[in-house]
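As structure tokens, the structure follows; a few thoughts come after it.
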């Protein structure tokens, strides 16, 4: 319920945040935001996940392998959900100067917006994927998982600073990602653990 309230309130802050970002553009900060954005999408996170999984296999850590697999699964599911919504809502991005209205659905006049990325603002794909990916690490270890959520938050911030998403795009994407991460860790974690047990002898796998 708290997440829904935050998402609702974020719609009221969309325009003030956009105006603040436009008034506080710094090249050095924008370069940092661009770097975070470029390396925080689904393909890059899958690459990091695969590298981490390979290293975890070498060290025979079932817990780390399990967490990383769940992270990649959650990010993929969340990405599919968020992308489906984005294609249907047709919300113009803040930097889309061609848009005549903010919400368009699938069509703007006679033009199909299905493949027009300038109208795929809501919700944020980067944010949904990042919060699902790093959210699993949070639910797996809440004592230290806050650091993972900071990485997801940095990704979300970069999308706002680059003026390609509204604040509400970010908050809704984050909520979808966290809900997906929670469900994956709660429902799929035992199955992933049993799956890994078929490949590594139990005696050499750390229980965590």
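The values are calculated or read from the model by the stated rules, or taken from the named source; none is laboratory data. Just so you know, these numbers come straight off a predicted model, no measurement behind them. Cβ: placed from backbone, ideal geometry, glycine included. Neighbour counts: every protein chain shown.
So the values come out like this:
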| read-out | value |
| --- | --- |
| So residue 45, is it under 16 Å from residue 177 (Cβ atoms), in contact (Cβ under 8 Å) with a residue 60 or more places away in the chain and surrounded by 17 or more Cβ atoms within 10 Å (Cβ to Cβ) | yes |
| Residue among 147, 157 that is under 18 Å from residue 36 (Cβ atoms) and in contact (Cβ under 8 Å) with a residue 40 or more places away in the chain | 157 |
| Test result for residue 106, free of Cβ contacts under 8 Å to residues at least 60 places away in the same chain, surrounded by fewer than 14 Cβ atoms within 10 Å (Cβ to Cβ) and closer than 24 Å to residue 159 by Cβ | yes |
| Which numbered condition residue 150 misses (of (1) farther than 19 Å from residue 43 by Cβ; (2) in contact with a helix residue (DSSP H, G or I) (Cβ under 8 Å, 6 or more places away or on another chain); (3) modelled with pLDDT of 95 or more) | (2) |
| Unique match (being in contact (Cβ under 8 Å) with a residue 12 or more places away in the chain and either on the phi > 0 side of the Ramachandran plot or within 15 Å of the chain's Cα centre (by Cα) (or both)) among 152, 140 | 152 |
| Matching residues, region 77-97, being free of Cβ contacts under 8 Å to residues at least 40 places away in the same chain and in contact with a helix residue (DSSP H, G or I) (Cβ under 7 Å, 6 or more places away or on another chain) | 86, 90, 92, 96 |
